[in-house]
1. Rounded, prolate or oblate: which fits the chain, taking a ≥ b ≥ c as square roots of the Cα gyration tensor eigenvalues, rounded meaning a/c under 1.5, else prolate when a/b beats b/c?
2. If you build a Gaussian network model of the chain, linking Cα atoms that sit under 10 Å apart, which residue out of Gly231, Gly65, Gly211 swings the most?
3. Going by a ≥ b ≥ c, the root eigenvalues of the Cα gyration tensor, does the stretch 98-242 fall in the rounded group (a/c under 1.5), the prolate group (a/b larger than b/c) or the oblate group?
4. Just want the answer: with Cβ charges of +1 for Lys and Arg and -1 for Asp and Glu, which residue in Trp240, Ala164, Val185 is farthest toward the dipole's positive end in the chain?
5. Starting from the stretch 22-71, pick out the trypsin sites (Lys or Arg not before Pro) whose DSSP state is loop and whose Cβ has at most 15 other Cβ atoms within 10 Å.
6. Just in the stretch 1-40: which trypsin sites (Lys or Arg not before Pro) are loop by DSSP and have at most 13 other Cβ atoms within 10 Å?
7. Of the DSSP beta bridges with both residues in the stretch 6-206, give the percent that are antiparallel, rounding to the nearest 5.
Amino acid sequence: MRYENIVVKRQDRILTIAINRPDVLNCIDPETNFELADAWRMFRDNDDLWVAIITGMGDRAFCTGADLKAWHRFILEQKTSFPRTSAYAGPGFGGITRGIEVFKPVIAAINGLCYAGGLEIALAADIRVCSEDARFGVLNRRWNVGLGDGGTQRLWRIVGLGRAMELILTGREIDAEEAYRIGLVNEIVPKDKVLKRAVEIAERICSFPQGSVRTDKEALIRGIGRPLEDGLRIESMLFWNLLLNRDFYEGPAAFRDKRDPEYTNEQERIMDVLNPDLVGRWIKDE
C-alpha cells in the first residue's frame, strides 16, 4: 500500500513507522489514522518483521495528538455517532492503542512534543526513548477532549496512580527529565540520536531468538490486572507452548555443546517437524 501521511521503512527485521505531518506537529487526522492501522496490521502479520519503531518526521514533534478540526469534520460527515461497540474494536488512535494485539516488541522514538493522543501512542509501546527537548502532557484537557485510547489505563500502570492522576487531571506539561524520573521514558538521548538509539535497541532484540521474546511479552501483557495465580498460569501456558518449538531446544543444546546457536525462528511445534525422540534424547544426554 502506498501511504500519503506516513513513511514506512524496513531495515532487515526492523520496521520504522513515521508520522509524516511535521507542518502540523504530526497530529493525526482520520486518513493518517487509517494508514497507521494498516501499517501496524502489516507488521503484526509479517513473520519476517520482528521489531517496530514508531516516530515522527521532522525535528519538533513525535505526535501532538488528534487533528481536532479534521476529526470534528469527519464525525459530522458520518451523520452518526460511533457505536459503543467501537470500545472493543479497532483501530484505536494511531492504529495500535486499541483493537489490535501485537506481541512483537514496539519501541517509541519520541523526537520532541508528545501530547494527548501522541502520549497514548507512546504508552502503547514497550520501550520509550526520547530527545532532550521532548515534552509530555495531557494537553487535550483544555479542549474538553478525554483520553479515549489507553491514556487512563496505561499511564498509571507505567508511572503509578498518583502521578498519573495528577497529569491527567491538571493537564500539566512535563519535560524529558521529569518523564525519565517518573519512569515514563526509559532513556533520554541527544535530539539527533533518538532514532539511532531506538534502532540500536531494536537490533539488540533482533539478535535474540524471537520465540521467548514474544511469549514473555505476551505473558506480561495478559497478566496485567489479574491475580498472581492467574498470571502464573498464563506464564506457564505460554512457556510450555514455547517448549514445543524447535528453537527451545537449540539454545540449551548450543550451550551444552559450547557452540553458537543456530535458530530458525520458525513457528512450527517441534513434534510436528522433528522426530519426537529428540526431546527425550536431549533430556537423557543432560
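Just so you know, all these numbers are worked out from the coordinates, no wet-lab data involved. These figures come from a predicted structure and were not determined experimentally. Positions of Cβ are generated from backbone atoms using ideal geometry, with glycine treated the same way; all protein chains shown enter the neighbour counts.
1. prolate
2. Checking each option, the largest mean-square fluctuation is seen for Gly231.
3. On the way: a/c = 2.34, a/b = 1.33, b/c = 1.76.
In terms of gyration-tensor shape, oblate.
4. It is Ala164.
5. Listed in order of number, the matching sites are Arg60.
6. Arg2
7. 25
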